[in-house]
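Take a look at the structure set out below.
The values are calculated or read from the model by the stated rules, or taken from the named source; none is laboratory data. No experiment lies behind these values; they were computed from the predicted model shown. Reconstructed Cβ throughout: ideal geometry from the backbone, glycine too, with neighbour counts over all protein chains shown. In case anyone asks, the SASA skips ligands and DNA or RNA and just uses the protein heavy atoms, side chains included. Shrake-Rupley method; radii C 1.70, N 1.55, O 1.52, S 1.80 Å.
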Amino acid sequence: MQNQFRKQAIDALADQQLRDNFRGAMDFLRDKRQSVFPEQDELAELRTLGHQIKANTLAQLPDLLEQLEATCSQNGIQVHWAETAKQGCEIIERLISKHGGKLAVKGKSMVSEEVGLNHHLENHGIECVESDMGEYIVQLANETPSHIIMPAIHKSKEQIAHLFEDKIADVDYTDNVDELIGTGRRILREKFYKADIGISGVNFAVAETGTLCLVENEGNGRMCTTVPAVHIAITGIEKVVAKLADIPPLLSLLTRSATGQNISTYFNMISSPRKTGEKDGPEEVHLVLLDNGRSRMYQDELLQQTLRCIRCGACMNHCPVYSRIGGHAYGTVYPGPIGQVVMPQIEGLEKHGEMTEGCSLNGACGEVCPVEIPLPDLIRELRQQKSALPSEQRTTKGAGSQRKVKEAIAWKLWESLNRSPLLYSAFTFFASRFRRFSPRSIGPWTRFRSAPIPAARTLHERIKKRNQQSQQNRASGGEL
């Protein structure tokens with residue numbers, strides 16, 4: 001079953017308000033990023049370093065994960081392994097139920113969106129409130145994030161003002177941004193104090209020290225991880241790094257690429273539950289390490305590079321397609337260029353292969369990626385795999401599922417024509433002679449363009465005729 005990417009993209013293009021919101025936001029983010037990378041040489045060196053750190057991590061990923069589990073356990077952090085999204089949800093739900101929890105506050109975590117945690121907990125009678133302001137807004141609107149860094153970037157302040165007026169009791173309409181943020185903070189602060197459980201994501205997990213690093217700007221992550229008695233962190237297995245010394249360059253790349261900040265307002269390092277004599281912090285800390293298809297990605301030497309992603313969103317901010325249609329048009333947790341690479345590998349090409357066609361292959365995403373992931377190459381590879389013949393070498397789920405017989409035959413004929421000079425000459429000869437019978441419509445290509453019509457004579461014939469005329473002119477003493 002294919003997703004509705006094409007239809008949703010067309011609908012998004014027709015929404016002028018949505019396009020205006022994204023146009024302004026993307027311009028702002030690109031300018032901010034450019035302002036904090038004034039020296040191109042420094043940026044190039046930092047990107048290379050980030051690439052090397054993540055490549056070294058992947059080269060020893062199984063060992064680092066075992067080391068992370070050992071160091072976390074020594075520190076008192078309880079480690080859980082989840083092979084699938086369902087297992088990840090069940091582990092967290094079981095931990096909450098064990099403590100009799102009914103209310104959880106959650107910091108921003110794309111992995112929790114990936115596994116559908118809120119929906120799972122809701123079905124088991126547990127309220128899970130998003131505490132990041134952007135996430136809180138989209139949760140209030142019963143929507144999903146449209147950007148991995150700024151979830152509510154698709155909404156204007158007027159739309160948010162109407163949302164607060166409709167959904168929050170005793171709140172009047174105001175589009176004053178400070179007042180809107182104040183309203184959100186007041187409500188969330190009450191949730192922090194009442195919550196039984198705090199849930200967060202993890203930006204980096206340090207195998208050397210068993211430290212969970214969390215990057216944020218609002219302080220809600222710190223509240224989630226310190227106020228409730230139990231803190232549960234969930235992260236993909238690719239977030240592990242070898243040493244604490246790897247963090248500074250990756251953090252610098254993350255904040256500058258994501259929001260154009262030299263450093264985020266908060267950087268949390270969690271290495272254990274509350275110790276004797278400490279005045280705050282949770283009594284228990286749990287870490288859920290999620291696979292959910294990442295091991296399958298790891299088996300492919302080319303596609304393995306997907307796991308270098310640090311989730312900064314720079315590829316989206318520079319993608320001309322994403323800038324025009326927004327995140328919801330993709331219909332997936334991860335949108336934009338990184339989503340076109342991640343989602344088909346997690347949930348299968350049969351479900352998300354169509355997404356890979358929503359790329360102009362302009363290369364901007366690859367040029368700005370802070371850890372040098374060759375996103376255009378990976379998108380091209382997945383495009384090929386979705387239409388390729390089944391092969392044991394292709395490990396991507398759903399490879400070959402979108403192979404179309406007509407398309408395969410057409411490309412085979414095209415290959416044969418261009419491999420054989422005789423066939424090519426015969427084809428172009430007859431195409432030029434019978435040009436009046438050329439089709440006037442060739443599917444989506446002619447929706448906004450005129451159908452190409454062969455010339456009256458082939459290029460070879462025209463060159464041959466021109467050469468003959470030149471020889472005749474020279475023979476008669478004329479000029480060209």
Q. What is the calculated FRET efficiency for GLN468 to LEU413, with r their C-beta to C-beta distance and R₀ = 51 Å, to the nearest 0.05?
A. 0.95
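Grab the beta carbon distance between THR395 and ALA451, set R0 = 30 Å, and tell me the FRET efficiency rounded to 0.05.
0.15
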Q | Potential extension, SER35-ARG6 segment - 0.36 nm per residue separation minus Cα distance | A | 6.9 nm
**Q.** Taking segment 170-303 and dividing mean pair separation by its residue count, relative contact order in percent (alpha carbons under 8 Å, at least six apart)
**A.** 27 percent
Q. How high is the FRET efficiency between ASN142 and LYS404 when r is their beta carbon distance and R₀ equals 25 Å, given to the nearest 0.05?
A. 0.10
Q. How would you rank 273-280, 370-377, 43-50, highest first, on the average number of other Cβ atoms within 10 Å across their residues?
A. 370-377, 43-50, 273-280
Q | Debye, to nearest 20: dipole size of segment 109-165, +1 on Lys, Arg Cβ, -1 on Asp, Glu Cβ | A | 140 debye
Q. Which Cys residues of the chain have no other Cys Cβ less than 4.7 Å away and so no disulfide-compatible partner by this rule?
A. CYS72, CYS89, CYS128, CYS213, CYS224, CYS309, CYS312, CYS319, CYS359, CYS369
Q: For the chain, calculate the relative contact order in percent as a whole number, restricting contacts to Cα pairs under 8 Å that are 6 or more residues apart.
A: 19 percent
Q.
Longer than 24 Å from Cα to Cα, which of LYS108/LYS155; LYS7/LYS412; LYS167/LYS351; LYS7/LYS167; LYS7/LYS86 are they? Say none if no pair is.
A. LYS7/LYS412; LYS167/LYS351; LYS7/LYS167; LYS7/LYS86
Q. How large is ³J(HN,Hα) for each residue in segment 166-173, as worked out from phi by the Karplus curve 6.51 cos²θ - 1.76 cosθ + 1.60 (θ = phi - 60°), to whole Hz, x for Gly and Pro?
A. 6, 9, 10, 5, 6, 10, 8, 5
Q | q = 0.10, 0.11, 0.13 Å⁻¹: log10 I(q)/I(0) that the Debye formula gives for the chain, counting C-alpha atoms only | A | -0.81, -0.95, -1.27
Q.
I'd like the accessible area for LYS155, computed on protein heavy atoms only with a 1.4 Å probe and all protein chains in place. Round to 10 Å², please.
A. 40 Å²
Q.
So if I take the centroid of the Cα atoms in segment 120-155 and the same for segment 279-356, what is the distance between those two points in Å?
A. 17 Å
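Of the chymotrypsin sites (Phe, Trp or Tyr not before Pro) in segment 380-480, which ones lie in a loop per DSSP and count no more than 15 other C-beta atoms within 10 Å?
Filter output for segment 380-480: PHE434, PHE448.
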Q: Describe numerically, in nm with one decimal, the distance between label points set 7 Å from Cα along Cα→Cβ at LEU58 and at LEU422.
A: 4.7 nm
Q.
If you take every DSSP beta bridge fully contained in the chain, what fraction is antiparallel? Give it as a percent rounded to 5.
A. 25 percent
Q: Please report, in debye to the nearest 20, how large the charge dipole of segment 1-97 is about its Cα centre when each Lys and Arg carries +1 at its beta carbon and each Asp and Glu carries -1 there.
A: 420 debye
Q: Pull out the extension gain between ARG23 and THR48, defined as 0.36 nm times the separation in residues minus the alpha carbon to alpha carbon distance; nm, one decimal.
A: 6.0 nm
Q: Please report, to one decimal in angstroms, the Kirkwood hydrodynamic radius of segment 147-186 built from all distinct Cα-Cα pairs.
A: 10.6 Å
